[in-house]
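Okay, structure first, notes after.
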Amino acid sequence: VYFSFHCAMEETEQLIFNLHKNNVFLFENDVPVEEFTLEKDTSGGTNNTDIIFVLDVTGSMSNEIAGVRDNIIEFTDSLSYKGVNYRLGMVTFLDVIENIYDFTEDVQEFQMNVSEQYAHGGGDRPENSLDALSVAAQVRFRENASRIIIWITDADFHINNDITQQTKETVINQLLAVGITVNCIGDPLFQTDYYDQ
């Protein structure tokens, strides 16, 4: 017997993606079924992946910007080799959101968008990652796609001040509500207090 289901929080309708076998209870004629397999359904488009780069473009980030530009072809080739149907988008930021690039399937177009970025500004050390992550969470993802943010920064971030109204908790909730997985590439100095959450 095969069947599929999805699980969501009743109050928020937020999908739950990390179910484990010990979270699921099956019964047949009121008798618990002890032996069963729980797997992610890979039919019907789950090989679709929408990836947004959330990129700090302040003065100290020139090597990282060049790294994204120079390695994006190899990165997308590896996705294609694994059969992933990908789209790429980008949000760039300093203390303000600078650019929002909608999803594209054209890797050359995306590479050109990255090539237009240059390291500039910055001033104070904290940047506005929270607003950038919040904006990325609102981009139109495909309904049946895995949703991934690759967040690249070398700074900590402003929290609920004159730069942003956002807190870590509000942004985390926004990301979880739409099922986004965030991967951060950043300075280890800020990992525990700023990135890990």
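The values are calculated or read from the model by the stated rules, or taken from the named source; none is laboratory data. Being a predicted model, the structure only gives us computed values, none of them experimental. Quick reminder, even Gly has a Cβ in these numbers, built from the backbone with ideal geometry, and neighbours come from all protein chains shown. All accessible areas refer to the heavy atoms of the entire protein, side chains included, with ligands and DNA or RNA removed. Shrake-Rupley method; radii C 1.70, N 1.55, O 1.52, S 1.80 Å.
Is it the case that the range 112-121 has a residue that's under 15 Å from SER60 (Cα atoms) and buried (at least 16 other Cβ atoms within 10 Å of the Cβ)?
Of all residues in the range 112-121, those under 15 Å from SER60 (Cα atoms) come to 117-121.
When the remaining residues are screened for being buried (at least 16 other Cβ atoms within 10 Å of the Cβ), the result is 117, 119.
Yes, there is a match, as at least one residue in the range 112-121 is under 15 Å from SER60 (Cα atoms) and buried (at least 16 other Cβ atoms within 10 Å of the Cβ).
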_Here is a list: THR170, THR181. Which entry is under 16 Å from VAL135 (Cα atoms), assigned to a strand (DSSP E or B) and open to solvent by 50 Å² or more (accessible area, probe 1.4 Å)?_
THR181
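Which members of the range 9-31 meet the condition of being within 21 Å of the chain's Cα centre (by Cα), open to solvent by less than 100 Å² (accessible area, probe 1.4 Å) and more than 17 Å from THR181 (Cβ to Cβ)? Steps first, answer last, please.
Within the range 9-31, the subset within 21 Å of the chain's Cα centre (by Cα) is 9, 12-19.
Still in the running and open to solvent by less than 100 Å² (accessible area, probe 1.4 Å): 9, 12, 14-16, 19.
Hits for the range 9-31 are MET9, THR12.
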_Selection from the range 79-101 of residues that are of a type outside the set (A, V, I, L, M) and within 16 Å of ILE150 (Cα to Cα)_ = TYR86, ARG87, GLY89, THR92, PHE93, ASN99, TYR101
*Does THR164 satisfy the condition of being assigned to a loop (DSSP other than H, G, I, E, B), open to solvent by less than 30 Å² (accessible area, probe 1.4 Å), among the β-branched types (Val, Ile, Thr) and farther than 24 Å from ASN47 by Cα?*
yes
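Every residue, every condition in (1) exposed (fewer than 15 other Cβ atoms within 10 Å of the Cβ); (2) closer than 30 Å to GLU169 by Cα, yes or no:
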residue: GLY89; (1), (2): no, yes
residue: ILE100; (1), (2): no, yes
residue: GLU109; (1), (2): yes, no
residue: GLY123; (1), (2): yes, yes
residue: GLN138; (1), (2): yes, yes
*Count of residues meeting criterion [at pLDDT 95 or above and either in contact with an Asp or Glu (Cβ under 6 Å, 6 or more places away or on another chain) or hydrophobic (A, V, I, L, M, F, W, C) (or both)] in the range 96-109*: 4
*Condition test on ASN144, is it open to solvent by 40 Å² or more (accessible area, probe 1.4 Å), modelled with pLDDT of 95 or more and either part of a loop (DSSP other than H, G, I, E, B) or more than 18 Å from GLY59 (Cα to Cα) (or both)?*
no
_If I filter the range 133-163 down to residues being within 26 Å of HIS120 (Cβ to Cβ) and of a type in the set (Gly, Ala, Ser), which single residue comes out as farthest from the chain's Cα centre (by Cα)?_
ALA155
